[in-house]
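Note sheet for the following structure.
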Amino acid sequence: MPEEAVLGPGGKSAIEKNIICEPVQYDLGQLFRKSLHDDSKLRPGFAEAWVGETLADAGSRQARYYVGTARVDICSKVGGGETVYRIVPREYTLPEAGTKLLYLAKSEFVENSLEGRNIQDSGSLRKRCRKEVDEIISTVARSTGVTPGHIEQMGGLDFLTTAVLRHTVGLGMLEYLLEDEHVQDIYIDAPADDNPVHVVIGDIGGDIVGGKCLTNILLSEREVQSLVSRFRYESGRPFSEAMPMLETDLVEFDTRVTVVGRPLSPEGAAIALRRHSTEPWTLPKLILRNSINPLAAGLLSFLIDGRSTVLVAGSRGAGKSSMLGALMLEFPLSQRILTIEDTLELPGAKMQELGYKVQSLFVRSAVDGSGGRTADDALRVSLRLGESAIVLGEVRGKEAKTLYEAMRSGSAGSAVLGTIHGNSPKSVFERIVYDLDIHPEAFSATDIVVVCGLVRPEGRQRQVRRVTAISELVKDGEPGQFADLLAYDDETDTLVETEHFRNSSRINAIAGQWSLDYDSALANIRARAYIRERMVSESAGNPGLLKPSAVVKTNSQYWSLVDKLGSGDPGMLMNEWNEWFERSAPYV
């Protein structure tokens with residue numbers, strides 16, 4: 001790919017009442033420049049968004065990779081303190097003839113082919129329109145003197161067709177970010193044409209650790225309005241000054257979208273997009289990322305196996321949903337699971353593929369005011385669907401009262417998991433008791449609170465996700481009194497045992513159910529920790545050991561050995577498991 005200036009994408013037309021609006025009539029061969037801060041922005045005549053033209057020098061570049069035909073550089077900004085995500089879409093490095101060709105083809109397609117079409121399913125529309133766009137480009141090329149040889153030099157007919165579809169029925173520049181497996185969150189702040197897009201990226205590999213990044217992308221106000229119109233149309237949900245919030249899912253990209261507008265956002269529409277993980281997180285994968293340590297993973301596995309009520313707490317972006325998905329994989333395959341959520345983040349479908357019995361209940365978000373089925377409705381129904389573990393995507397409404405009534409009466413099934421906003425066990429108690437109006441006595445049905453947090457080791461600017469506490473409710477103490485089993489240590493950047501870990505009422509209760517003494521229960525936890533530590537250590541040569549399928553197989557083997565040998569002799573159990581692992585690891 002040439003190293004010339006970067007040209008801005010984003011040529012989506014606004015979608016309103018089934019029609020993609022006509023593009024603005026620009027001088028076809030003209031490039032537009034815009035100065036913003038210290039980075040000059042460019043876009044070709046057919047685009048609606050701007051992209052920074054400053055190239056990344058080798059000294060500041062931390063990583064380079066490609067998203068389709070677009071090049072991405074992760075760079076450190078001059079002066080430090082911020083990481084920059086720079087993208088170079090190939091279609092915006094085309095010569096003037098290519099820019100004209102794309103503009104004319106796009107105009108012809110929009111004006112004569114798209115009007116009146118139902119675009120609710122943009123993925124299928126692309127497939128149906130591909131041949132038509134091929135023909136339009138070929139016709140325009142012949143009329144403007146662009147030869148087949150020139151088309152090949154520009155990247156070929158398939159590439160040009162993809163570009164036209166991306167910037168008409170697709171999502172334009174936003175699509176590149178959504179296709180980048182490293183991008184986790186995308187933020188478009190208002191006013192859009194004054195604020196570059198920000199993203200959060202995950203770890204790329206090697207020493208490149210993810211975090212917040214400023215991008216070289218600037219979306220125009222017209223572009224943002226086009227996106228908002230599309231989200232409103234495809235979701236079928238209202239969005240106006242009377243209802244200035246919209247939440248929906250981009251199923252094609254497995255992404256959750258939140259939009260706020262005037263008067264809630266005085267400067268205009270702002271958009272946040274959160275990518276769902278394409279594959280469920282696992283405890284071994286969280287260990288590899290240093291979010292937890294092996295002991296914490298062993299303890300959590302033990303608690304889930306012991307049918308505990310566990311709430312995963314934390315702020316937005318702290319990793320609550322990732323942790324909840326990993327905990328779900330600690331259920332045995334024999335356990336029936338009911339999930340209730342409004343954001344489609346839990347790995348129900350993936351778990352079904354792995355052999356789990358999972359029934360997912362999808363409810364409308366309360367934000368859209370649509371009057372659809374609520375989480376409380378779904379929970380009441382789920383309690384009549386037979387004995388199951390119940391997993392709530394988020395505890396935040398009146399379903400909490402139904403949930404705690406069920407837990408206290410014993411009708412909530414074998415285990416209950418859920419996420420809730422809160423930065424400490426105490427804040428979880430206060431939110432449930434005071435905000436959600438649950439009686440303190442009813443809250444005693446909670447066993448464990450796992451706190452996920454964003455920390456800054458040694459005061460660095462980069463935040464990392466860590467489990468900062470695994471705490472149990474003190475049943476015979478004051479209401480809302482918790483004791484940490486494991487607590488986060490700043491100096492070592494990991495969870496460490498507390499004195500209470502060796503005198504836990506919850507561990508003791510599970511030990512009693514399994515006819516174990518307390519020391520045997522602790523040995524059971526450490527055996528589970530060893531298994532996950534071994535999987536992580538071997539994953540350097542076999543990355544598949546971090547995947548959900550590997551977790552299911554290794555856990556199933558462990559439980560099979562427990563059924564055969566019992567848990568009374570952890571040493572013998574681990575010897576048997578190690579022998580199996582040595583034989584089976586290459587095939588797991």
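Considering each of E247, E252 in turn, give the residue that is surrounded by fewer than 17 Cβ atoms within 10 Å (Cβ to Cβ) and touching a residue at least 60 places away in the same chain (Cβ under 8 Å).
Just one listed residue meets the conditions, E252.
What about S515, is it farther than 22 Å from S291 by Cβ, open to solvent by less than 40 Å² (accessible area, probe 1.4 Å) and not in a strand (DSSP E or B)?
On the way: farther than 22 Å from S291 by Cβ: yes; open to solvent by less than 40 Å² (accessible area, probe 1.4 Å): no; not in a strand (DSSP E or B): yes.
No.
Just one of the numbered conditions (1) on the phi > 0 side of the Ramachandran plot; (2) open to solvent by 60 Å² or more (accessible area, probe 1.4 Å) is not true of L264; which one?
For L264, the failing item is (1).
Any residue at all in the range 436-445 that is open to solvent by less than 50 Å² (accessible area, probe 1.4 Å), closer than 20 Å to E405 by Cα and touching a Leu at 6+ places or on another chain (Cβ under 7 Å)?
yes
Would you mind finding the one in L104, L165, L94 that is surrounded by 17 or more Cβ atoms within 10 Å (Cβ to Cβ), touching a residue at least 40 places away in the same chain (Cβ under 8 Å) and in contact with a helix residue (DSSP H, G or I) (Cβ under 6 Å, 6 or more places away or on another chain)? Talk me through it step by step, then tell me what you get.
Numbers: L165 fails: touching a residue at least 40 places away in the same chain (Cβ under 8 Å); L94 fails: in contact with a helix residue (DSSP H, G or I) (Cβ under 6 Å, 6 or more places away or on another chain).
Selected residue: L104, the only one of L104, L165, L94 that is surrounded by 17 or more Cβ atoms within 10 Å (Cβ to Cβ), touching a residue at least 40 places away in the same chain (Cβ under 8 Å) and in contact with a helix residue (DSSP H, G or I) (Cβ under 6 Å, 6 or more places away or on another chain).
Only one residue in G541, G571 is not in a helix (DSSP H, G or I) and not hydroxyl-bearing (S, T, Y), so which one is that? Give the derivation first.
Working: G571 fails: not in a helix (DSSP H, G or I).
None of the other options fit; the residue is G541.
Within the range 523-533, is there a residue that is hydroxyl-bearing (S, T, Y), touching a strand residue (DSSP E or B) at 6+ places or on another chain (Cβ under 6 Å) and surrounded by fewer than 19 Cβ atoms within 10 Å (Cβ to Cβ)? Full working, then the answer.
So in the range 523-533, the residues hydroxyl-bearing (S, T, Y) come out as 530.
Now narrow it down to the ones that are touching a strand residue (DSSP E or B) at 6+ places or on another chain (Cβ under 6 Å): none.
Scanning the range 523-533 turns up no residue that is hydroxyl-bearing (S, T, Y), touching a strand residue (DSSP E or B) at 6+ places or on another chain (Cβ under 6 Å) and surrounded by fewer than 19 Cβ atoms within 10 Å (Cβ to Cβ).
List pairs: first residue in the range 338-361 and free of Cβ contacts under 8 Å to residues at least 24 places away in the same chain, second residue open to solvent by less than 30 Å² (accessible area, probe 1.4 Å) and polar (S, T, N, Q) anywhere in the structure, Cβ distance under 7 angstrom, at least six positions apart or on different chains.
Here the result reads G348/T339; V358/T339; S360/T339; L361/T339; L361/S382, each pair linking the range 338-361 to a residue that is open to solvent by less than 30 Å² (accessible area, probe 1.4 Å) and polar (S, T, N, Q).
Out of all the residues in the range 71-95, which are modelled with pLDDT of 85 or more and not aliphatic (A, V, I, L, M)?
Here is the first cut: in the range 71-95, the residues modelled with pLDDT of 85 or more are 71-75, 83-95.
Across the range 71-95, the qualifying residues are R71, D73, C75, T83, Y85, R86, P89, R90, E91, Y92, T93, P95.
Given the condition open to solvent by 20 Å² or more (accessible area, probe 1.4 Å) and among the acidic types (D, E), answer yes or no: does some residue in the range 462-473 qualify?
no
Under 8 Å between Cβ atoms, at least 6 apart or on separate chains: pull out the pairs that start in the range 216-232 with a residue that is modelled with pLDDT of 90 or more and of a type in the set (A, V, I, L, M) and end on any residue that is surrounded by fewer than 24 Cβ atoms within 10 Å (Cβ to Cβ) and in a helix (DSSP H, G or I).
L218/D193; L219/D193
Which residue pairs have Cβ atoms under 7 Å apart, sit 6 or more places apart or on different chains, and have a first residue in the range 487-510 that is charged (D, E, K, R) and a second that is open to solvent by 80 Å² or more (accessible area, probe 1.4 Å)?
none
If I filter the range 322-340 for residues that are in a helix (DSSP H, G or I) and among the charged types (D, E, K, R), do I get at least one hit? Outline the logic, then answer.
Keep residues of the range 322-340 that are in a helix (DSSP H, G or I), which gives 322-328.
Going one step further and asking which of them are among the charged types (D, E, K, R), we end up with none.
No, there is no match, as no residue in the range 322-340 is in a helix (DSSP H, G or I) and among the charged types (D, E, K, R).
Against the condition of a type outside the set (A, V, I, L, M, F, W, C) and at positive phi, how does D254 come out, does it pass? It would help to see each step written out before you state the result.
Working: of a type outside the set (A, V, I, L, M, F, W, C): yes; at positive phi: yes.
Spelling it out, D254 is indeed of a type outside the set (A, V, I, L, M, F, W, C) and at positive phi.
So I304 fits all but one of (1) at pLDDT 80 or above; (2) more than 30 Å from G480 (Cβ to Cβ); (3) surrounded by 19 or more Cβ atoms within 10 Å (Cβ to Cβ); what number is the exception?
Only one criterion is unmet by I304, namely (2).
The values are calculated or read from the model by the stated rules, or taken from the named source; none is laboratory data. In this text, all values refer to a predicted model and were calculated from it rather than measured experimentally. Using ideal geometry, Cβ is built from the backbone for each residue, glycine included, and neighbour counts are taken over all protein chains shown. With ligands, DNA and RNA removed, areas are computed over all heavy atoms of the protein, side chains included. Shrake-Rupley method; radii C 1.70, N 1.55, O 1.52, S 1.80 Å.
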